[in-house]
Amino acid sequence: MSRDLIFAYPGDIETRTGGYGYDRRVIAALRDIGWNVEPLSLGEGFPNPSAAQLEAAGRMLSELPESSLVLIDGLAFGVMDECAVREAKRLKIMALVHHPLALETGLEHRQQKTLASREKTALAQTRGIIVTSHTTAAELSANYAVPAEKITVAIPGMDPAPLSKARGEPPLILSIGTLTRRKGHDVLIAALEKLSDLSWDCRIVGSRTLDPDTSAALERQIIQSGLGDRIELAGQIDDPRNEFSRADIFALASRYEGYGMVFAEALAQGLPIVGCAAGAVPEVVPRSAGFLVPPDDPKAFAVALRRLLEEPETRIAMADAAATAGAKLPSWRDTAAIISDVLEAAS
């Protein structure tokens with residue numbers, strides 16, 4: 001049996017997001033267990049490619065040898081419906097869905113409907129679908145007509161990392177996520193405005209280049225809040241472990257997460273969490289380790305943060321619970337083993 005795999009993805013695999021991070025680690029872990037993985041960039045523009053970009057990506061797949069086993073990241077595959085229909089009988093197509101494209105924050109209803117229809121068509125052409133959470137699996141079964149037996153959940157692995165020893169004065173609130181609307185940094189900043197009477201600093205880590213308009217809006221919001229000396233937009237960091245190790249609280253107000261790798265990383269390093277009960281976040285963060293509030297609710301987010309800031313005993317108890325939950329997370333080798341079994345069945 002061949003262990004040759006083409007792993008196709010949009011853009012640059014080194015892009016610092018959770019989805020690309022998952023792709024990089026899975027490629028490396030599959031190679032470690034004996035797979036010959038050939039990375040294939042499908043080009044720029046996804047998930048909103050121009051006609052020329054989409055045609056070029058489709059041409060790359062059409063040039064692959066017949067019967068090639070191809071795992072395609074959903075950020076591109078979700079809008080490659082016509083190509084999927086054309087190539088399904090020639091290639092062994094698998095899809096990796098971090099979360100459905102139609103669930104991205106800020107889309108108009110018409111855009112959501114179009115994306116959902118295209119992704120549903122594309123997914124129907126696959127031999128199997130890998131998802132990163134049970135929440136996404138349920139979404140595909142309920143709304144994308146994907147049979148449950150066609151879906152495999154392979155949650156992200158986790159590397160061993162030192163527990164945070166921070167007991168800051170003032171406490172350091174850490175948030176990590178690209179500066180896009182879905183990550184809800186605007187909600188976090190609005191919540192922090194309600195906590196100006198308390199002692200804290202906040203560091204927001206994440207790329208500013210993927211959504212320049214949101215990045216500029218956040219900068220203006222911080223200036224208008226008068227908290228520019230306490231809230232820092234730190235930009236992109238290649239290795240976040242040092243960020244977690246010196247923080248006291250992790251806070252991210254995501255409006256949706258297909259999994260939320262950064263929440264798992266916070267657990268692994270023993271940080272109490274404030275987040276939103278959106279997408280798969282409740283699947284990742286146990287109640288003992290943090291507070292999850294409704295999305296888009298700065299007041300509720302502020303109340304949760306205030307408890308952790310004003311109640312050191314609650315903060316410590318949740319930090320201990322986070323470390324316990326983090327220790328139970330799988331390794332990347334575990335994740336790759338699950339994916340490997342699915343790929344073998346499809347090859």
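Residues in segment 27-47 that are in a loop (DSSP other than H, G, I, E, B) and more than 24 Å from the chain's Cα centre (by Cα): Ile33, Gly34, Trp35. Residue pairs whose Cβ atoms lie under 9 Å apart, separated by 6 or more positions or on different chains, with the first residue in segment 32-48 and within 25 Å of Pro100 (Cα to Cα) and the second part of a helix (DSSP H, G or I) and at pLDDT below 95, do not occur. On inspection, Arg306 passes the criterion of being surrounded by fewer than 24 Cβ atoms within 10 Å (Cβ to Cβ) and assigned to a helix (DSSP H, G or I).
Hey, among the residues in segment 48-63 that are polar (S, T, N, Q) and in a helix (DSSP H, G or I), which one's surrounded by the most Cβ atoms within 10 Å (Cβ to Cβ)? Taking the candidates together, the pick is Gln53. Within segment 1-21, the set of residues being in contact with a helix residue (DSSP H, G or I) (Cβ under 7 Å, 6 or more places away or on another chain) and part of a helix (DSSP H, G or I) comprises Gly18, Gly19, Gly21.
In segment 3-26, the residue that is nearest to Thr180 (Cα to Cα) out of those that are of a type in the set (Lys, Arg) and within 15 Å of the chain's Cα centre (by Cα) is Arg16. Residue check: is Asp334 outside any helix (DSSP H, G or I) and of a type outside the set (Lys, Arg)? Against the criterion (outside any helix (DSSP H, G or I) and of a type outside the set (Lys, Arg)), Asp334 does not qualify. Taken over segment 268-301, the criterion of being of a type outside the set (Gly, Ala, Ser), farther than 11 Å from Ala253 by Cβ and assigned to a helix (DSSP H, G or I) is satisfied by Pro282, Glu283, Val284, Arg287, Lys299.
Would segment 27-35 turn up any residue that is in the same structural domain as Leu101 (by TED's automatic domain parsing), under 20 Å from Met80 (Cβ atoms) and in contact with a helix residue (DSSP H, G or I) (Cβ under 7 Å, 6 or more places away or on another chain)? No, segment 27-35 contains no residue that is in the same structural domain as Leu101 (by TED's automatic domain parsing), under 20 Å from Met80 (Cβ atoms) and in contact with a helix residue (DSSP H, G or I) (Cβ under 7 Å, 6 or more places away or on another chain).
Yes/no per residue for (1) closer than 19 Å to Val205 by Cβ; (2) surrounded by fewer than 22 Cβ atoms within 10 Å (Cβ to Cβ); (3) in contact with a strand residue (DSSP E or B) (Cβ under 6 Å, 6 or more places away or on another chain); (4) modelled with pLDDT of 95 or more:
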| position | (1), (2), (3), (4) |
| --- | --- |
| Gln111 | no, yes, no, yes |
| Pro147 | no, yes, no, yes |
| Arg167 | no, yes, no, no |
| Ala191 | yes, no, no, yes |
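The values are calculated or read from the model by the stated rules, or taken from the named source; none is laboratory data. Keep in mind that this is a model prediction, so the values were computed, not measured. Because the Cβ atoms are built from the backbone with ideal geometry, glycine has one as well, and the counts that use them run over all protein chains shown.
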